[in-house]
Each structure stands twice: as structure tokens, then as C-alpha cells.
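Take a look at the structure below.
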Amino acid sequence: MDIKKKRRFIMRLIILALMFGVISFTIYSNLKKDRTGLLQVGDKAPDFALVDMNGVKHQLSDYRGQGVFLNFWGTWCKPCGREFPLIDKHYQEYKDKNLQVLAVNVAEPELVVQNYIDQKDLTFPVLIDYNKAVLRTYNISPLPTTFLVNPEGEIEKIITGEMTEEDIKKYMEKIMPN
């Protein structure tokens, strides 16, 4: 074999190995994505435990038997800011009827979140997902995103984007225990 043919053979071998690597990575990524999958209505809501701004631990599974209005948000999110007073208003109305609101912040600094809570005068539990593990588990995008979790712990509905006051009231009533 002459030098040119050897170089061509080696170059083709390198290209083939790179192509094999890219194809293997693509297949692996897709299989991994399918395993974690996107959450859908009817799925069991993945359990998690986060601490609220008052130091109280909230574990989703502890609310079995109650409806959970699980809202993912950020202080910079304008629709989130418009929703919060409405969510709080209806939380006050339904909190004694086995309905819980859990607002999960997207890993912002505690001081920023606390100032926001104080400014909006929020009364429902606000949790910070510091390492974004819960956000990844729930595949959150965009903000706000709200999961309605029924008393059996199943996802009843997934809402992306801003809700009206009528929507919030209707959704809270939908997940209240009978």
C-alpha cells in the first residue's frame, strides 16, 4: 500500500469512528429522554421534598388526599407576578378545603425571593429549587407552568403560561377532594 492510500484509509477510519460516536450518543440521548419522558395528564406526580421560606419541609407525597396546585415561577416572570395575587386570593378561599398551593421558584437567591413574597404579600408556601432538580424532573419550560395534582397524586392538568382569575378558580375547584 502506498502512502496516499494509507492516509486515505486512516482518514476514512477516523471519520467512520466519529460518525459511530455521534450516532451512539444520539441513540443514548434519545433513549435516556424516553426513559425520563415528559410528564402527561394521568401520570403519577413525581415526589419531591423542598423547604419553604419559613424553613418548613414540604414533600409532595405528604399531601396525598388533598389537591395540590403546583406552580413553577420566577421573580422576573411578568405573568407569574400577575397570577400570584389571584392564586393567593383563591388559596385563602380553599386552603381549609384540602387544597394546597406550592409555588416552586427556579433557583433564585433567597433574599430576592423573600423580597418578592413580601412585596406581593403572599401567604401560600414558596419553595426554592436551588439545584433545579425538581424543575428538571417536571421538564419545566416556559414559566409559569402549573401542575394540577389530584388527591390521588396524579397529574390532572398541566398549564403553561398565564392563567386568568376564572381559570385559577376553576382549576382549584377541579382538584379539591369530594
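The values are calculated or read from the model by the stated rules, or taken from the named source; none is laboratory data. Keep in mind the model is a prediction, meaning the values are calculated, not measured. Positions of Cβ are backbone-derived with ideal geometry, glycine not excepted, and every protein chain shown enters the neighbour counts.
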If K97 satisfies every condition in (1) in contact (Cβ under 8 Å) with a residue 40 or more places away in the chain; (2) of a type in the set (K, R); (3) under 18 Å from D43 (Cβ atoms) but one, which is the exception? (3)
Does the stretch 25-45 include one or more residues that are touching a Lys or Arg at 6+ places or on another chain (Cβ under 9 Å), hydrophobic (A, V, I, L, M, F, W, C) and either surrounded by 12 or more Cβ atoms within 10 Å (Cβ to Cβ) or at pLDDT 95 or above (or both)? yes
